[in-house]
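Heads up, the thing below is written out as structure tokens.
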Amino acid sequence: MEEVKRIEELRTLLEKLSYEYYVLDHPSVSDQEYDRYMQELIALEQKHPECYDANSPTQRVGGAVLEGFEKVEHRRMMLSLGNVFNYEELVAFDERVRALEPDVRYVVELKIDGLAMSLIYRDGRFVQAVTRGDGTIGEDVTSNIKTIPSIPMRIDEPGEVEVRGEVYMPKASFRRLNSEREANGEELFANPRNAAAGSVRQLDSTVCAKRGLDAFWYYFVNAQEHGIHSHEEALEELSRLHLRVNPLRRCCNNVDEIWAFIEEISARRHELPYEIDGMVIKVDDLNAQTRLGTTVKVPRWATAYKFPAEEVTTRLLDIVLT
Ligand SMILES: NC(=O)c1c(N)nc(OC2CCCC2)nc1O[C@@H]1CCC[C@@H]1O
């Protein structure tokens, strides 16, 4: 009986250590100690097959190679974003919003250049990951998304929880992958976004596991049913559930505050360890979002400011030099 209790103890401990390392970036034990606990759990699980749990820390990688990806219909459409390209268009967006919501407050986030993803948890356990696809129908890429160590396999929230965010390939992973491919005479990926998309579409999750993907989560579906009233609160709730949320964001009360943040980030985006292709400006209050609604595919309560396209050379230099 002791060993079965130790299995649950180790699962909980390894989840905590994983959270500290991959989400807080503040490990409390050495890699060697982490590996010792993992080896102990693997050995105990082999002795007790009756304790098998697909959400155990030992089950992130491996499993069968898939024939293809199941199509999945999203409960709620995964929206895309309209774009603005300059200050004047940003002012026009704000005026359209303010016509309905005079006291609007925004949350401005980085626009991670990856691929949109939906995670489904049921009764506190990760059950499925689905790509955005066309917004209505996506693909089940659960086995690949399980390999991303910053994504918790268990959360402290009952019932059905869906969160959405962006899976991306950090610049360091991209450089390493392309130098390996170059050494093997393989075709290189053009950019981290393509490399992330190609990795998530691997039929063999052990390949995806080696690609060093990560993710930021930015949307709590049905947040209002969980007593959440604003986007900022939703992000804080995602953090409380141990999901990895990007801290580089700012609440803004007007266009000039938004523009100041855009200029600040634009100046330092080459230092970031991941690629961004703009900023996302969202109305903070969830009731105001509902009142503003959406068009066919994009919200009226959010827009993306896109950075001006860069010379190819600077982009390549950026990836090589940083
Ligand atoms: N790429 C991003 O970092 C990002 C973000 N920070 N926030 C959102 O908010 C969604 C919520 C409803 C409409 C857009 N979307 C993002 O990316 C979108 C998802 C689909 C197309 C864009 O990549």
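Coordinate-derived values only; no laboratory data. Just so it is clear, the structure is predicted and the values come from calculations on it, not from any experiment. All Cβ positions, glycine included, derive from the backbone under ideal geometry; neighbour counts span all protein chains shown.
A few remarks follow.
- Across all Cα pairs in the range 1-121, the calculated P(r) in 5 Å bins from zero up to the longest distance comes to 2, 7, 12, 13, 11, 11, 11, 9, 7, 7, 5, 4, 2, 0 percent per bin.
- Using alpha-carbon coordinates, inclination of helix 171-183 to the longest axis of the chain, degrees: 60
- Packing-based order for 224-230, 253-259, 237-243, using average beta carbon neighbours within 10 Å, highest first: 237-243, 253-259, 224-230
- Inter-part distance, the range 160-236 to the range 57-72, computed on C-alpha centroids, equals 16 Å.
- Coordinate range of the alpha-carbon atoms in the range 105-245 per principal axis, descending: 54, 33, 27 Å.
- MRE, 222 nm, helices only [DSSP H, n ≥ 4, -39500 (n - 2.57), over the chain, to nearest 500]: -11500 deg cm²/dmol
- Taking every alpha-carbon pair in the chain and binning the separations at 10 Å intervals from zero gives 5, 24, 32, 25, 11, 3, 0 percent.
- Shown in residue order for the range 140-147 are the 3J(HN,Hα) couplings computed by the Karplus curve 6.51 cos²θ - 1.76 cosθ + 1.60 at θ = phi - 60°: 6, 10, 3, 5, 6, 5, 4, 7 Hz (x for Gly and Pro).
- Fraction of alpha-carbon pairs over 14 Å apart in the range 89-139 - percent: 71
- Fraction of C-alpha pairs exceeding 18 angstrom in the range 230-285: 42 percent, rounded to a whole number.
- The 3J(HN,Hα) values that the Karplus relation (6.51, -1.76, 1.60; θ = phi - 60°) gives for the range 244-253 are, in residue order, 8, 10, 6, x, 7, 8, 9, 7, 10, 9 Hz. Gly and Pro appear as x.
- Annotation: amide H-H contacts under 5 Å for Gly133 (H modelled 1.01 Å from N, sequence separation of 5 or more, or interchain): Glu139.
- Residues whose amide H lies under 5 Å from that of Asp285, counting only those 5 or more places away or on a different chain, are Arg105, His231; hydrogens are built 1.01 Å from N in the peptide plane.
- Across the chain, Cα pairs under 8 Å and at least six residues apart give a relative contact order of 23 percent.
- Alpha carbon centroid spacing (whole Å) that separates the range 82-151 from the range 237-310: 10
- Estimated FRET transfer efficiency when R0 is 41 angstrom, pair Asp35-Val296 (beta carbons, to 0.05): 0.25
- Axis angle, to the nearest 10 degrees, between helix 2-22 and the longest C-alpha principal axis of the chain: 30 degrees.
- 0 to 90° range, to nearest 10: angle between helix 231-240 axis and the chain longest Cα axis: 10
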